[in-house]
Every structure is written in structure tokens, then in C-alpha cells.
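Notes for the one structure printed next.
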Amino acid sequence: SFGMLYLAGLRISVMSFMGIILLVGVVVNNAILLVDFINQQRAGGMKKVEAVVTSGPLRLRAILMTTVSTMMGNLPVALALSEGGEVRQPMSVAVTGGLFTSTMLTLFVIPVVYLVFDDVKDWVAGRIHRYKAYRRLRGQYAAKTRLTPAGVGVTLASAATAGEINDPKATATE
């Protein structure tokens, strides 16, 4: 949107920032449409990459309808065809320029970012699972061993056979 403002010879103003705020809303809506459909496909049993690849073309129509209708609605204001249109022109130019760029980003970058974040989520979940398994095994090992004065772990069963553990029953009968 800043590039389109530059090409149109307009300055950054309050109205152009209002257009950018409007643009953020439309971009987030398009991204939600795409990511939600990917999640629906995955919930239906589709694999991750297959869901991402098939969701783009299936949601293309909805995303393009939103984008094109907003751009066409802003076109008369962007051209400043009405009286007082010069005041609202920066807002409309910012929205129109940003929509063109953001549509391409929504269709190409959002799926890639989805795959990257999903891989990171899987990696972190695996690390947590391995850490919990390690802690569980370490706890089981610690319950079966004790430290000798030398700091060496000795299992309780081997210490009992070596006579290192005082058995109260054995001392009572002696």
C-alpha cells in the first residue's frame, strides 16, 4: 500500500492509515478463510500437505471475490471522481494497492507459514513427549536405586544380597 501511495504521488496521512487498518481486516479475513478450510480438510482425515495444496484452489474463489469487490468499490474514490474525493483518495489507494499485494501473500505465503508452524508444533510436541518419558524413566530408576557413600548407584536388590541393608527381622532374631 505504501508503494501504491508513492506511485500515485500521495503522501502518508491519517486517511491512508485508516485505509491500512481496513486492509488489515480484509487480509486477516482472507487468511482465516484459508487456514480454517485447511483445518477442516485435516479434520476430515486429509494429510497436512495434501490439505494445504487442495485448499488453495478451493478457497481461491472466495478470496478473489472479497478482494475484487473491495477493489472495485474503492476504485471511484481512488480516482477522486467525486467532489471531496481528494480527502478520501489516500485511504482508497492504500486499500487498493495493499489488497493486490496481500492477495498474493495470502495465496502463497500463508500456506507455507502454516506448514512451517505446524512442523515446529510437531517438533516441540515430540521434544516434550521425549522429555516426559525421560523424566518418567529416571523416576523409576531413582526409586530402585540408592546412592552409596562413594556416590555410586546400587540397586536395592543387589545391596540386600550383599548384606549392606540392615534387615530389622534379621537383627531381631540374632
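What follows is calculated from the coordinates using simple rules that are stated; it is not laboratory data. Remember, predicted model here, so these are calculated numbers, not experimental data. Virtual Cβ from ideal backbone geometry, glycine too; neighbours counted across all protein chains shown.
Structural remarks
- 17 Å cut-off, amide nitrogen to a point 7 angstrom out along residue 122 Cα→Cβ, residues in segment 20-52: 38-52
- Loop-located GluC sites (Glu not before Pro) across segment 1-94 with a Cβ neighbour count of 14 or fewer within 10 Å are 83, with loop assigned by DSSP.
- Segment residue 68-residue 138, length gained on full extension (0.36 nm per residue, minus Cα span): 19.2 nm
- Dipole magnitude (debye, nearest 20) for segment 1-127, charges at Cβ of Lys, Arg, Asp, Glu: 220 debye
- Cα lying deepest toward the dipole's positive end in segment 1-96, options 55, 33, 45, charges on Cβ: 45
- 25 °C / 0.890 mPa s Stokes-Einstein diffusion coefficient of segment 92-131, Kirkwood radius on C-alpha pairs, µm²/s: 202 µm²/s
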